[in-house]
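Chemist: Have a look at this one.
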Amino acid sequence: MATKKVKVSELVNQFGLEVISGEQGLKRPITVDDLYRPGLEMAGYFEYHPPERVQILGKTEMAFFEMLPPQERKDRMERLCSSEETPCIILTRSWEVPDELVAISAEKQIPVLRSSMATTILSSRITSFLERKLAPTATIHGVLVDVYGVGMLITGSSGIGKSETALELVKRGHRLVADDAVEIRQTSDNQLHGTAPELIRHLLEIRGVGIINVMTLFGAGAIRNNKRISLVVRLEAWQQEKQYDRLGLDEETTRIIDTDVPLATIPVRPGRNLAVIIEVAAMNFRLKRMGYNAALQFTTKLTETIAEDIDDLD
């Protein structure tokens, strides 16, 4: 998977940052979504300094910096700009940029930017922006629906009935997120969020009918723009010789990007109401998260009953 990058110029445009110096470095790449406030570095401790992060200088750092003697001020800024990995340095609260920083940043072509926002607010907004831009992504062929609050990614071979099942679910009051192509983004805490590509958002393809707009036909309550993926449902043609799990004790998972997601395999054959089965799968998934496992309780009771029968025989 290719490493994603965000150019410093994108930060400037997104947040209206003022470019003070180092304009030649606006094409520098940002590769991590973590920010860094070099407070200890202003005191001269650079042992564990992470140069690859966006550097944020707020009121605390700058107030301390202004107390330093001229030679130490120059030394701190030279060391702060010593790495080629440093994407940019941002000063908050419209703080006046020290001459030492302007000089060395222009020489090293490291952009120095300024914002009128408070440090915590700007840091939070930049972090959210970078997390969204740098998050690993993948596009999967399938249908994503919100069933009883559970994001269910329905997969399977072409023509197996994914879109028709999604249509039936929408008719039953559930919500469509994406049909045919699902764009998936993995967050920093390994959660998967799916959405539809802009071109086919709210659209559903039904063979024999064509493309329908779910929002137009069923209203705004029948769609949503994104949803966290909690369960993958794989539809497959019924295979007579295959042994399917009848108790629900086998908990399979499938890997999407770097995250393992619970997987339910549902065999398809005439007479099976897939929409109802998927609804039950969603409700059962919610019960499991709440601590109730029907299959486990059944096997426990079965084991106890067998043990009692053996004791009676003895």
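Chemist: Among residues belonging to the stretch 230-273 that are open to solvent by less than 60 Å² (accessible area, probe 1.4 Å), touching a helix residue (DSSP H, G or I) at 6+ places or on another chain (Cβ under 8 Å) and in a loop (DSSP other than H, G, I, E, B), point out the one that is modelled with the highest pLDDT.
Modeler: Checking each candidate, the answer is S230.
Chemist: Also, I was wondering about something else. Looking at (1) without any contact (Cβ under 8 Å) to a residue 24 or more places away in the chain; (2) touching a strand residue (DSSP E or B) at 6+ places or on another chain (Cβ under 9 Å); (3) among the small types (G, A, S), which is the one condition that is false for A138?
Modeler: It is condition (1) that A138 fails.
Chemist: Suppose we filter the stretch 163-190 for residues that are in contact with a strand residue (DSSP E or B) (Cβ under 6 Å, 6 or more places away or on another chain) and loosely packed, with under 15 Cβ neighbours inside 10 Å; how many remain?
Modeler: Number of matching residues: 1.
Chemist: Any idea which of (1) loosely packed, with under 15 Cβ neighbours inside 10 Å; (2) at positive phi; (3) in contact with an Asp or Glu (Cβ under 9 Å, 6 or more places away or on another chain); (4) not aromatic (F, W, Y) is the one G149 doesn't satisfy?
Modeler: It fails just one condition, (3).
Chemist: Take A118 and tell me if it is among the hydrophobic types (A, V, I, L, M, F, W, C), open to solvent by 10 Å² or more (accessible area, probe 1.4 Å) and under 26 Å from V8 (Cβ atoms).
Modeler: yes
Chemist: Where in the stretch 46-154 are there helices (runs of 4 or more DSSP H), lying fully within it, with 1 or more residues that are under 33 Å from the mean Cα position of the chain (by Cα) and of a type in the set (V, I, T)?
Modeler: Result: 59-65, 119-134.
Chemist: Regarding the stretch 215-237, can at least one residue be identified that is more than 20 Å from T139 (Cβ to Cβ) and in contact with a Pro (Cβ under 9 Å, 6 or more places away or on another chain)?
Modeler: yes
Chemist: Then there's this: Could you list, in sequence order, all residues of the stretch 68-111 that are small (G, A, S) and either in contact with a Leu (Cβ under 7 Å, 6 or more places away or on another chain) or farther than 13 Å from S21 by Cβ (or both)?
Modeler: S82, S83, S94
Chemist: If I ask for residues that are closer than 19 Å to F129 by Cβ, open to solvent by 70 Å² or more (accessible area, probe 1.4 Å) and of a type in the set (K, R), which ones from the stretch 5-60 would you list?
Modeler: Correct list: K5, K7, K27, R37.
The values are calculated or read from the model by the stated rules, or taken from the named source; none is laboratory data. All values reported here derive from a predicted model rather than from experimental measurement. In this analysis, Cβ positions are derived from the backbone assuming ideal geometry, glycine residues included, and neighbour counts consider all displayed protein chains. Only protein heavy atoms, including side chains, enter the accessible area calculation; ligands, DNA and RNA are left aside. Shrake-Rupley method; radii C 1.70, N 1.55, O 1.52, S 1.80 Å.
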